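Let me begin by presenting the structure, written as structure tokens, before commenting on it.
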Amino acid sequence: AQTVTQSQPEMSVQEAETVTLSCTYDTSESDYYLFWYKQPPSRQMILVIRQEAYKQQNATENRFSVNFQKAAKSFSLKISDSQLGDAAMYFCAYRRGLVGNNNDMRFGAGTRLTVKP
Amino acid sequence: ETGVTQTPRHLVMGMTNKKSLKCEQHLGHNAMYWYKQSAKKPLELMFVYSLEERVENNSVPSRFSPECPNSSHLFLHLHTLQPEDSALYLCASSRKTSGGANVLTFGAGSRLTVL
């Protein structure tokens, strides 16, 4: 079974600084997708960034980028120029890419990010 | 709001009550999900309805009963719950495709407290 591990229950960063959130996963599949979701306090969970395992290039979305190390099964999220609005729970998620029943998205336990002004 | 609406946002119920959580999406998605979010634990997938097929996590107790009358609506019927069932219940939807790239859109969640 695929598992997703986020080893940092809590992280903090100074406003305008850079922070990296860690995520590792365990799978025997070669085709899969990885995601980072953000859940602000009392608000909906939204997608931050997505990475296809077959792509070697790391995904980027404005101030958010990932460091995808397929051999190490590592998928960290880097937030540059942190803003107060980045404070949230961040969840790493995995979904296999097989055709057919691929609805089982696996999530980590989350990392709570605090941004200090 | 991102297109997936959950009601009620907060629910307090006794162990003998029967209540239901409702989820509605108008995104044209054809798959809907219930997740349970407990503190310091990974999100737990409870049920999936995809193209009228139901997939469930076998570890979910029978006191949780889903219903999906159409592709836009999803319910979670609650009966004889236990205090450990207190959690945030998240509904999500997606467009089912042949690959794993489809992104989930989540609702804001229903915070359930069982006394």
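The values are calculated or read from the model by the stated rules, or taken from the named source; none is laboratory data. A quick note: this is a predicted structure, and the numbers were derived from the prediction, not measured. Note that we place each Cβ from the backbone using ideal geometry, even for glycine, and neighbour counts take in every protein chain shown. Each accessible area value is taken on the protein alone, full model and side chains, heavy atoms only, with ligands, DNA and RNA left out. Shrake-Rupley method; radii C 1.70, N 1.55, O 1.52, S 1.80 Å.
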Within the stretch A:11-22, tally of residues that are open to solvent by less than 50 Å² (accessible area, probe 1.4 Å), over 18 Å from B:Pro42 (Cα atoms) and among the hydroxyl-bearing types (Ser, Thr, Tyr): 0
Residue pairs meeting the criteria (Cβ under 8 Å; at least 6 apart or on separate chains; first facing chain B (nearest Cβ under 10 Å), in the stretch A:40-58; second in a loop (DSSP other than H, G, I, E, B) and open to solvent by 90 Å² or more (accessible area, probe 1.4 Å)): A:Gln44/B:Glu1
Filter result for B:Pro69 (without any contact (Cβ under 8 Å) to a residue 40 or more places away in the chain and in a strand (DSSP E or B)): yes
When residues of the stretch A:1-20 are limited to those that are assigned to a strand (DSSP E or B) and farther than 16 Å from A:Ala72 by Cβ, the one farthest from the other protein chains (Cβ to nearest Cβ): A:Gln14
Whichever residue in the stretch B:72-87 is part of a strand (DSSP E or B) and open to solvent by 20 Å² or more (accessible area, probe 1.4 Å) and, among such residues, is farthest from the other protein chains (Cβ to nearest Cβ): B:His79
Qualifying residue in the stretch A:64-79 (condition: closer than 29 Å to B:His10 by Cα and either charged (D, E, K, R) or within 12 Å of chain B (Cβ to nearest Cβ) (or both)): no
